[in-house]
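To start, the structure itself, in structure tokens.
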Amino acid sequence: MIHQYPLLILVRKHIALILILTFAAFLLSSNINKPFIGHHDWNGAWYSNQARNFIKYGYLKTKFGAVMNNDIVSAQDFRFFTHYPPLLPIFISLSFKIFGISESAARVIPLIFTLGTILLMYIISLKFFNRRIAILSSLLTTIFPITIYFGKMPVQEVIVIAPILLSVLRYFIFFEKPSRKNLLILFLSLTFSHLINWPGYYVTPLFFIHFLIFSKTSHKFTQATSFILFSVLMFFFHLSHTFLLTGELFGGGILDVALYRLNLKESLVDFTLQNFLTLQARWLAVYFTTSALFFSLVTVIWIFLKIKSKAISKKIQLLILLGVFGFTHNAVFRNMAFIHDYMIIYLLPFVAISSSFGFFLLLDKLKIYSAKPILMLASLFLILVTVERHKFTLALLSSARASDIYVLSKYINNNTESGEKTLILSNIIKEHFEVFVYFYADRQIDFETPQSNVELSKILSLYKYKLIVADPARDTPSVVNYLKENRTETSVDKFLIYKNVQ
């Protein structure tokens, strides 16, 4: 009877995948409504502000460029964020149109893409290995600390993984059958990844090298070169869009930012090669667990032995490609990887698949073939991964570094109108928290740190501020006392707010 219902057959065949995706959706939806106040949550505030500007001004008026301004400004005053392609804030803006402007609406986008990553991990593992590795690798992807916390963070690194995996899958399909149709589908998936984040560009050189080495077609150099030319064309498209937005090919400081992130223009304090490698190793252990890394190491050893014997199968080719891709971004943009721990996420596909393969490889070496002990050992492996960094993961989920700034910013928004200015007497807040203030206050904000009453008087004589914000813990006592003399004072969290400035 069931054979009359193809959908039921499909569900029954992939019930494990459906359960994994359901579990992942449940896990990722935890704290989805939480304000952007936690570890690296400035990303959510930053890109949600750009998405909100698409709602405010429209896609045509912004020329599909990510506008950084807060409050309401004229088009000639737009400041564009050109350091990344604009697809992430565009996606978030579409979610805002559907669900309204909120943290959960912003987080829905990376959540969907993370589920796509898990799905593609399953499909790729099934294609190159087998069903048990597909199940284990997708489960590991779901429970890794880096997925649980960052899997719903609105940031390019999270959402670009799925399109890259799709491109890898489509590349190997083209490699096996190099038809025009398969090449077109590959280019479409590459377009998707290239419009999200720069690591989308990293896979085309890998495809080029792989195709030259392993392809048996007669025109392999021409076909391999098309991958590189595609990325060149996409980069030209990005520069053309930047020129349209700013009037300069490298407008918006994109070149300076690239040199800085490459560690060519300026090195960070404490940056040394040893410190960099030590930090990367720690983040690997923290976000992927030592349990998983142990089995990944088993696979790496197996790969080297196979290469030595010149038995380089497609599964080895896949693992090498994913491994090289995973290390590329952090190796190239060292300054960026030294600051942002979540950059280690590019190794997610390699670690998940290689640790799954290494686990079953070791079981085969130990001659453990029965289903029951395999299931018990696999469950134990998953439990070890889950509990090893459980406290750390909970700490990430409950992190609230910017909670006081959130309260302050919401107060500013609720007690001022568009066009009214607020003065915050702290350059420290500007340095560390201005992204949160701009998103949640959505008003014109000035930051100054006057050292005397005279300095403050000069500032107040230049502009009319609706609110002045002081932080008694940081600001000069004489400045705070000066404000108290003639203005109404309100306490908001640890801050003092002074109203009705003339």
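The values are calculated or read from the model by the stated rules, or taken from the named source; none is laboratory data. This is a predicted model, so every value here is computed, not measured. Here the Cβ is made from the backbone with ideal geometry for all residues, glycine too, and neighbour counts use every protein chain on show.
The table that follows gives values for the structure above.
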quantity: Output for segment 57-76, where each listed residue is outside any loop (DSSP other than H, G, I, E, B) and within 25 Å of the chain's Cα centre (by Cα); calculated: V67
quantity: Odd one out for I468 among (1) more than 30 Å from P145 (Cα to Cα); (2) outside any strand (DSSP E or B); calculated: (2)
quantity: Test set (1) assigned to a loop (DSSP other than H, G, I, E, B); (2) closer than 25 Å to H39 by Cβ; (3) among the aliphatic types (A, V, I, L, M) - A311 fails condition number; calculated: (2)
quantity: Residue that is surrounded by the fewest Cβ atoms within 10 Å (Cβ to Cβ) [pool: residues in segment 75-103 that are of a type in the set (S, T, Y) and within 14 Å of F64 (Cβ to Cβ)]; calculated: Y84
quantity: Subset of segment 437-488 (residues that are hydrophobic (A, V, I, L, M, F, W, C) and touching a residue at least 40 places away in the same chain (Cβ under 8 Å)); calculated: F439, A441, I445, L460, L467, I468, V469, A470, V479
quantity: Subset of segment 8-36 (residues that are in a helix (DSSP H, G or I) and of a type in the set (F, W, Y)); calculated: F23, F26
quantity: Lone qualifier among R282, R261 - being among the basic types (K, R), surrounded by fewer than 15 Cβ atoms within 10 Å (Cβ to Cβ) and assigned by TED's automatic domain parsing to the domain that holds L188; calculated: R282
quantity: Within segment 128-180, considering residues that are among the polar types (S, T, N, Q) and free of Cβ contacts under 8 Å to residues at least 24 places away in the same chain, the one nearest to H340 (Cα to Cα); calculated: N130
quantity: Residue list for segment 193-226, restricted to those being surrounded by 13 or more Cβ atoms within 10 Å (Cβ to Cβ), in contact (Cβ under 8 Å) with a residue 40 or more places away in the chain and not hydroxyl-bearing (S, T, Y); calculated: H194, L195, I196, N197, W198, P199, G200, V203, L206, H210, Q223
quantity: Complete set of residues in segment 324-355 that are under 16 Å from P205 (Cβ atoms) and not in a helix (DSSP H, G or I); calculated: F333
quantity: Some residue of segment 17-36 being buried (at least 18 other Cβ atoms within 10 Å of the Cβ), touching a His at 6+ places or on another chain (Cβ under 9 Å) and in contact (Cβ under 8 Å) with a residue 40 or more places away in the chain; calculated: no
quantity: Complete set of residues in segment 415-449 that are modelled with pLDDT of 90 or more, touching a helix residue (DSSP H, G or I) at 6+ places or on another chain (Cβ under 7 Å) and acidic (D, E); calculated: D442
quantity: Qualifying residue in segment 112-133 (condition: among the aromatic types (F, W, Y), in a helix (DSSP H, G or I), within 22 Å of the chain's Cα centre (by Cα) and farther than 30 Å from L375 by Cβ); calculated: yes
quantity: Residue in segment 399-413 that is buried (at least 18 other Cβ atoms within 10 Å of the Cβ) and outside any helix (DSSP H, G or I) present; calculated: yes
